[in-house]
Amino acid sequence: MTSSRTNPKGPTNPERPTGPEDLTGSAAWELLLPAASAPARARGRSLQAALREAVRSGRLAPDTRLPSSRDLAADLGVSRGLVTEAYEQLTAEGYLRSGRGAGTWVGGAVRAARPRARDLAPRSPGARADFVPGTPDLSLFPRAAWAAAQRGVLAESPHELLGYPDPRGLPRLRTALAELLARRRGVVADPERLIVVSGVAQATALLGFVLHARGALTVGVEDPGSPQHDSLYASAGVGTVPLPLDEEGLAIGPLEASGVRTVVTTPAHQFPTGIAYSARRRAQLLDWARSVDGLVFEDDYDGDFRYDRAPVGALQGLDPEHVAYAGSVSKSLAPGLRLGWLLVPESLADEVVERKRTMDLGHPTLDQALFARFLERGDYDRQLRRCQRAYRQRRDALVAALEEHFPGARVTGIAAGLHVIAELPEKYGPQEDFLERVASAGVALRPLTAYSHARVDDAVVRLVLGYAHLSPGRIHAGVGLMAGTVRP
């Protein structure tokens, strides 16, 4: 190539000088040289890919004029037809532009993006002590048993397993899940109404879409409660109405006055207050659902973990036609598996299944077959027992550390799940000052007020402390750090 063609004025912007002074020696053309030495059959595709990447990365700037096909072919040692085809293909895609007698130019449609992938996973970066609730101990994941189940599934599965599945899930898994839920949670589990989902979040969204299609504008949610409900239902076009709790569970009076016909609950272990709904309140809640022909959505997020007695059975077992039931392996195995279940009343089953089909065509089949084998061989029961022992020990360690470092602290809620509510003596308040001081020391935690829609007096410090992901030693050290930071 000669200097006479390396810095012309562009045909659409004659006042603007474009392109590097010497395209022959530029780094952009170095990207094309490996393509020229590719095998003959792949040379055309390689040249197009290299030229496309040079434009996309910004190494060939917009409005840069390219050499003629004859000159570039000579420089690269390839046929002119190969370069002409590459120019035509990238012009059709919008990377280049050309005009009769005006040459070929880099187009302006491409906006170079930095080649990086961010990690948006929720974490507490830099925390010296992390008491944010909701995360299990991921080191307890049964890697050996899971790998053995995976090998078994790959060896025994027919080719047909890799096709599109029943959107409800594999019959083998739904049957195994129905047996598990009936045995451990007292659920009336019909495999035909059981849908395998990507966690409780997808179960919530599925119900939201179906309710919206039926004309529902709002659903009731516990207050305080999970902050995810608002955004999940909003994504389905449904609003949320916060409903207060009392010492027995969801307050019935405000529920009746709200006008909603669907309410989301965590009756076995309310999140975040830690209470269990009383038998009287469970009966009242079902009476309300029958009176309005409504629906109770039961999120049994950690119902397997009770440390002082056998877990209370699921609400769904009392009235399967007015309760939809959801759970997952996020607390027992790992949230990254994105594996859960939704059991719906018969009146909703067809609509929920159709929505699941249009949403993702069903859960990954190999994952389903793997989990089914895990259930059938008793591995999941063993994992639950392992977690039960570990989490009971860690809860005991947290309660003991609070008693030692915060004398007079009161732990409320039942002995269950993966978190406790700790109310500290008044001398540690107000809460806002307390939170600022522990945050500056690198302690990550959440106050109870973070989960409430209503304005709450924060003169007293009430904390939601997660412990499942921490060893007893780290729990004790973290509470000690917190106490040393805020000592009156």
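Calculate, in whole percent, how much of the Cα-Cα pair population of the range 253-348 lies beyond 22 Å. For the range 253-348, the fraction of Cα-Cα distances above 22 Å is 30 percent. The alpha carbon centroids of the range 134-158 and the range 424-467 are separated by 38 Å.
Convex hull volume of the Cα atoms of the range 154-234, normalised per residue: 155 Å³. Karplus-derived 3J(HN,Hα) values for the range 82-87, using 6.51 cos²θ - 1.76 cosθ + 1.60 with θ = phi - 60°, are 5, 5, 4, 4, 5, 4 Hz; glycine and proline are entered as x. In this simple spin-label approximation, residue 293 and residue 38 carry label points 7 Å from Cα along the Cα→Cβ vector, and these lie 6.4 nm apart.
Treating each Cα of the chain as one equal point scatterer and applying the Debye formula with no solvent, the log10 of I(q)/I(0) at q = 0.08 Å⁻¹ comes out as -0.68. Taking the helices alone, the chain has a mean residue ellipticity at 222 nm of -12500 deg cm²/dmol, built from -39,500 (n - 2.57) per DSSP H run of at least 4 residues and averaged over all its residues. The length gained on full extension between residue 432 and residue 280, counted as 0.36 nm times the residue separation minus their Cα-Cα distance, comes to 51.1 nm. Under a 5 Å amide H cut-off, with hydrogens placed 1.01 Å from N, residue 246 pairs with 251 among residues at least 5 apart or on other chains.
In this structure, the amide hydrogen of residue 416, modeled 1.01 Å from its nitrogen in the peptide plane, lies closer than 5 angstrom to those of 307, counting only residues at least 5 positions away or on a different chain. Residues in the chain average 47 Å² of solvent-accessible surface per residue, probe 1.4 Å, ligands and nucleic acids excluded. Full extension of the chain between residue 347 and residue 30 yields a length gain of 107.6 nm, computed as 0.36 nm times the residue separation minus the alpha carbon distance. With a Cα-only, solvent-free Debye model of the range 393-468, what are the log10 I(q)/I(0) values at q = 0.21, 0.25 Å⁻¹? Normalising to I(0) and taking log10 leaves -1.01, -1.37. If R0 is taken as 60 Å, the Cβ-Cβ distance between residue 366 and residue 485 corresponds to a FRET efficiency of 0.80.
Rounded to whole Å, the principal axis extents of the Cα atoms in the range 78-196 read 79, 49, 29, largest first. Taking the DSSP beta bridges with both ends in the range 240-369, the antiparallel portion is around 45 percent.
The modelled label-to-label distance for the pair residue 439/residue 182, using points 7 Å beyond Cα in the direction of Cβ, is 5.0 nm.
Just to verify a number: FRET efficiency for residue 477 and residue 56, C-beta to C-beta distance, R0 = 41 Å, to 0.05? About 0.25, to the nearest 0.05. In sequence order, the range 321-338 has phi-based couplings of 8, 10, 10, 9, 10, 9, x, 7, 9, 4, 9, 8, 10, 5, x, x, 6, 6 Hz under the Karplus curve 6.51 cos²θ - 1.76 cosθ + 1.60, θ = phi - 60°, and Gly or Pro positions carry x.
Bridges between two residues of the chain, per DSSP, are antiparallel at a rate of about 60%. Can you give the FRET efficiency to the nearest 0.05 for residue 310 and residue 143, using r as the Cβ-Cβ distance and R₀ = 35 Å? The value I calculate is 0.75. Near residue 104, the amide H atoms lying under 5 Å from its own belong to 66; only residues 5 or more places off or on other chains count, and H is placed 1.01 Å from N. Residues in the range 359-368 carry Karplus couplings, in order, of 6, 8, 6, x, 6, x, 5, 5, 4, 5 Hz; the curve used is 6.51 cos²θ - 1.76 cosθ + 1.60 with θ = phi - 60°, and Gly or Pro positions show x.
Estimated at 0.36 nm per residue, the fully extended path between residue 157 and residue 119 surpasses their Cα-Cα distance by 10.3 nm. Bridges between two residues of the range 182-256, per DSSP, are antiparallel at a rate of about 25%. Across q = 0.15, 0.25 Å⁻¹, the range 314-392 modelled as identical point scatterers on its alpha-carbon atoms has Debye log10 I(q)/I(0) values of -0.71, -1.22, in the order of the q list.
Label-to-label distance, residue 454 versus residue 150, with points set 7 angstrom from Cα along the beta-carbon direction: 4.8 nm.
The values are calculated or read from the model by the stated rules, or taken from the named source; none is laboratory data. Since we're looking at a predicted model, the values are computed, not measured. Methodologically, a virtual Cβ is constructed for each residue, glycine included, from the backbone with ideal geometry; neighbour enumeration extends over all protein chains shown. Heads up: the accessible areas ignore ligands, DNA and RNA and are worked out on the full protein's heavy atoms, side chains in. Shrake-Rupley method; radii C 1.70, N 1.55, O 1.52, S 1.80 Å.
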